[in-house]
1. Note down the net charge around Gly47, summing +1 for each Lys or Arg and -1 for each Asp or Glu among other residues with Cβ under 15 Å from its Cβ.
2. Could you work out the local net charge near Phe19, counting Lys and Arg as +1, Asp and Glu as -1, over the other residues with Cβ closer than 11 Å to its Cβ?
3. Within the chain, list the GluC sites (Glu not before Pro) lying in a DSSP loop whose Cβ has at most 13 other Cβ atoms in a 10 Å radius.
4. Per the helix-only calculation at 222 nm, which mean residue ellipticity applies to the chain, given -39500 (n - 2.57) for every DSSP H run of n ≥ 4 and division by its residues, nearest 500 deg cm²/dmol?
5. What accessible area per residue, rounded to a whole number of Å², is obtained for segment 8-81 using a probe radius of 1.4 Å?
6. Once you place label points 7 Å from the Cα toward the Cβ at Ile60 and Lys81, how far apart are they in nm?
7. Return the carbon/sulfur percentage of the accessible area of the chain, one whole number, probe 1.4 Å, all protein chains in place.
Amino acid sequence: MTKQAKVTVKFFNVTVKFFNAEEGYGFFQCPEGQDIFVHLTDLTSFGFTPEDMVNGSPAIIDYEANGDQKRTADIHYIAGK
């Protein structure tokens with residue numbers, strides 16, 4: 001079995017797709033429509049709160065790609081914060 005390497009990508013012009021504070025997760029969306037997962041613990045470790053995750057807000061993030069899975073690696077900016 002071949003193990004895929006994680007690749008970290010800086011990605012501009014994403015938007016907040018949604019965030020469910022009760023469930024503790026949400027997604028950013030790329031202009032091409034790809035979703036990037038974000039967990040509550042990641043969000044707070046980068047200095048943001050669930051209240052900052054307003055649907056449709058622009059953001060600047062880095063993400064890790066591991067095959068088809070994409071997860072937030074860093075959050076630099078969310079509009080309104």
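1. Here the count lands on -4.
2. Every neighbour counted, the sum reads -3.
3. Qualifying residues, ordered by number: Glu22, Glu23, Glu32.
4. -1500 deg cm²/dmol
5. Heavy-atom SASA per residue in segment 8-81 reads 56 Å².
6. Using points 7 Å along Cα→Cβ, the separation is 1.3 nm.
7. 49 percent
The values are calculated or read from the model by the stated rules, or taken from the named source; none is laboratory data. As the structure is a prediction and not an experimental result, all values here were calculated from the model. Cβ sites come from the backbone with ideal geometry, for glycine too, and all protein chains shown count toward neighbours. Each accessible area value is taken on the protein alone, full model and side chains, heavy atoms only, with ligands, DNA and RNA left out. Shrake-Rupley method; radii C 1.70, N 1.55, O 1.52, S 1.80 Å.
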